[in-house]
Amino acid sequence: MKFICSKSNLYNGVKTVQRAVPTRTTMPILECILIDATTNEIKLTANDTELGIETIIEGEVQEHGIIALNSSIFSNIVSKLPDNMVTIETDENFKAHISCEKAKFDILGKSGDDFSYLPFIEKSQGITISQFSLRDVIERTSFAIANDDNNKLMTGELFKINENNLEVVALDGHRIAVRYIELKESYSPRELIVPGKTLKEIKNIIPGNVDDNVFIYNTSNHIVFEFDKTTVVSRLIEGDYFKIDSMLSTDYETKVQINKKELYESIDRATLLVKESDKKPIIMNITDSNMEVKINSYIGSMDENIDIEKDGRDIMIGFNPKFFTDALKAIDEENINLYMINPKAPCFIKDDNGTFIYLILPVNFNAIAN
């Protein structure tokens with residue numbers, strides 16, 4: 001095999017697929033990036049059997065061939081090469097010769113035949129969404145994905161498609177993030193639970209262009225995202241996702257309209273007095289046209305008042321400050337509406353257009369008093 005390409009194309013391709021290389025594995029071949037130049041395309045692939053990424057880079061194939069190179073060694077070499085054209089040539093013993101200007105490396109590879117290829121997914125009944133919309137919806141919901149594996153379903157996000165509506169849901173037991181997107185076409189109903197790791201990697205590598213699309217295909221076990229010259233294949237999480245419709249109550253006893261920036265900055269200031277290990281709640285005391293935001297910790301205390309418009313009863317309620325600021329950061333609106341029932345029931349943040357709902361469970365009121 002022999003091909004020539006620019007250092008920047010090679011580096012970007014390696015950086016893209018390397019996200020699918022496992023950090024720990026008992027299979028050395030999975031620690032490799034597959035370089036496939038058996039056709040006139042240069043294709044790079046990495047696969048940890050749960051997530052696979054494939055991308056095509058521009059270059060000139062002079063001799064067809066295939067080889068698997070250790071991801072860590074190969075990526076480190078590529079990153080240090082001069083910004084010029086790179087030539088990679090292999091021999092029958094799977095030795096790769098990498099040269100760029102006066103820099104020359106020889107490294108041992110493995111047979112590409114032993115590599116675990118991406119599973120074949122039939123591309124039928126695909127869903128089309130703009131790159132911008134997909135990246136945006138991941139950014140505005142993924143913070144609510146659970147970080148541990150105690151409940152596998154919570155480590156992923158629900159993609160629920162019904163005609164021309166896409167509903168994306170994430171929850172971790174303390175909060176729920178829901179975003180609704182109107183698609184340009186109608187599709188058959190389906191519910192897919194996509195691993196959070198997959199969505200994180202897509203968010204990091206997708207360009208996010210408004211005018212370019214992502215094509216999504218699925219089987220009962222896998223989902224495929226295609227954009228530009230990159231393909232991401234992931235296993236789906238099996239099981240029935242939580243029925244959240246019953247959790248998203250429209251009832252409320254207190255409605256508050258408040259400036260989002262003022263609320264975010266107030267809570268952010270309050271957290272200066274809290275160590276994460278303290279788990280001290282932010283307390284909101286809502287009366288008439290005022291929200292008093294306060295916190296008490298071992299370091300000190302803070303008290304601040306924010307003008308609001310209130311409809312309904314007065315209420316004092318406490319929250320984990322990080323959960324609240326995470327939701328606020330995901331909202332662009334200047335003013336937001338908070339809906340509450342009582343100090344032990346969830347708070348809802350919703351917009352009038354029905355594009356998002358954020359649910360945050362309060363901290364037990366007795367814990368606040370203590």
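The values are calculated or read from the model by the stated rules, or taken from the named source; none is laboratory data. For clarity, every value in this text was computed on a predicted model and none was experimentally measured. Counting neighbours? That spans all protein chains shown, and the Cβs are built from the backbone with ideal geometry, glycine included.
Details
- Residue in region 263-277 that is more than 20 Å from residue 363 (Cα to Cα), modelled with pLDDT of 90 or more and part of a strand (DSSP E or B) present: no
- Check on residue 237, part of a loop (DSSP other than H, G, I, E, B), under 30 Å from residue 187 (Cβ atoms) and modelled with pLDDT of 95 or more: yes
- Count - residues of region 97-123 that are without any contact (Cβ under 8 Å) to a residue 60 or more places away in the chain and small (Gly, Ala, Ser): 3
- Against the criterion of being in a strand (DSSP E or B) and crowded, with 19+ Cβ neighbours inside 10 Å, residue 223 qualifies.
- Flag if residue 67 is aliphatic (A, V, I, L, M) and part of a strand (DSSP E or B): yes
- Residue 240 meets all of the listed conditions (1) surrounded by fewer than 15 Cβ atoms within 10 Å (Cβ to Cβ); (2) closer than 23 Å to residue 332 by Cβ but one, namely (2).
- Applying a threshold of 7 Å to beta carbon distances and a minimum spacing of six or more residues, or different chains, the list of pairs starting in region 28-50 at a residue that is in contact (Cβ under 8 Å) with a residue 12 or more places away in the chain and in the same structural domain as residue 69 (by TED's automatic domain parsing) and ending at one that is among the charged types (D, E, K, R) and surrounded by fewer than 21 Cβ atoms within 10 Å (Cβ to Cβ) reads 29/110; 29/114; 30/48; 32/110; 36/43; 50/235.
- Considering residues of region 197-207 that are buried (at least 17 other Cβ atoms within 10 Å of the Cβ) and over 8 Å from the mean Cα position of the chain (by Cα) only, the residue farthest from residue 136 (Cα to Cα): 205
- Enumeration of residues in region 4-42 that are assigned to a loop (DSSP other than H, G, I, E, B) and crowded, with 16+ Cβ neighbours inside 10 Å: 21, 22, 37
- The test for being in contact (Cβ under 8 Å) with a residue 12 or more places away in the chain, under 20 Å from residue 264 (Cβ atoms) and out of contact with any helix residue (DSSP H, G or I) (no Cβ under 9 Å at 6 or more places or on another chain) holds for residue 357.
- For region 321-344, filtering for residues that are of a type in the set (A, V, I, L, M, F, W, C), outside any helix (DSSP H, G or I) and either modelled with pLDDT under 95 or crowded, with 18+ Cβ neighbours inside 10 Å (or both) leaves 5.
- The criterion of at least 3 residues that are of a type in the set (A, V, I, L, M, F, W, C) and over 25 Å from residue 231 (Cβ atoms) is met, among strands (runs of 3 or more DSSP E) falling completely within region 83-191, by 103-108.
- Filter pass, residue 351 being under 18 Å from residue 179 (Cα atoms) and surrounded by fewer than 18 Cβ atoms within 10 Å (Cβ to Cβ): yes
- The lone exception for residue 312 - which of (1) at positive phi; (2) without any contact (Cβ under 8 Å) to a residue 24 or more places away in the chain; (3) not hydroxyl-bearing (Ser, Thr, Tyr) it fails: (2)
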